[in-house]
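The values are calculated or read from the model by the stated rules, or taken from the named source; none is laboratory data. Bear in mind that the values here come from a model prediction, so they are computed numbers and not experimental data. FYI the Cβ positions are ideal-geometry reconstructions off the backbone, even for glycines, and counts take in every protein chain you see. Side chains included, ligands, DNA and RNA excluded: accessible areas come from the protein's heavy atoms. Shrake-Rupley method; radii C 1.70, N 1.55, O 1.52, S 1.80 Å.
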Amino acid sequence: MKTIRVSAAVIMDGSSVLAAERGYGEYEGFWEFPGGKREAGESGEDAIVREIREELGVLIAVDGLLCTVEHQYDGFFLVMDCYLAHIKEGKIKANEHIALRWLTADTLDSVSWLPADLKVLPSLQSLL
């Protein structure tokens with residue numbers, strides 16, 4: 001079974017966190033923390049800064065590792081390092097997602113999260 005390691009950004013703004021709706025693939029319409037695969041020799045922090053610049057058009061500052069989650073999907077095993085971050089520069093654009101939404105503790109359950117991203121919520125709730 002193939003293992004895929006990705007970095008995800010848990011972008012905070014006060015007591016809100018950014019969620020992104022996937023616009024492609026098998027999980028189109030599900031919500032996730034934006035991010036993606038690491039390139040060869042790239043750290044998790046470098047990967048998430050690069051991915052967010054590509055996906056959202058902004059520069060983020062990484063504030064630290066929130067958690068690492070693992071999930072068995074059909075066809076691959078996912079290891080996802082989730083980094084707390086905030087926007088340092090720029091205005092968010094949905095370059096690769098259908099929609100973006102700022103969620104609070106009261107609205108975290110208002111979207112259909114991808115299974116791996118759902119596992120991040122317990123670590124996040126104490127911050128919101």
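General observations
- Restricting the range 97-114 to residues that are open to solvent by less than 80 Å² (accessible area, probe 1.4 Å) and assigned to a loop (DSSP other than H, G, I, E, B), the residue that is farthest from R22 (Cα to Cα): A105
- Yes/no for L100 being within 22 Å of V49 (Cα to Cα) and touching a strand residue (DSSP E or B) at 6+ places or on another chain (Cβ under 8 Å): yes
- Subset of the range 56-77 (residues that are modelled with pLDDT of 95 or more and of a type in the set (D, E, K, R)): D63, E70
- Top-ranked residue of the range 87-96 - restricted to ones that are among the charged types (D, E, K, R) and not in a strand (DSSP E or B), ranked as most open to solvent (accessible area, probe 1.4 Å): K91
- Taking the numbered list (1) in contact with an Asp or Glu (Cβ under 7 Å, 6 or more places away or on another chain); (2) over 19 Å from V6 (Cα atoms); (3) not in a strand (DSSP E or B) in turn, D117 passes all entries but (2).
- For the range 73-86, filtered to residues that are in contact (Cβ under 8 Å) with a residue 60 or more places away in the chain and either closer than 15 Å to L118 by Cβ or not in a strand (DSSP E or B) (or both), the residue that is nearest to the chain's Cα centre (by Cα) is C82.
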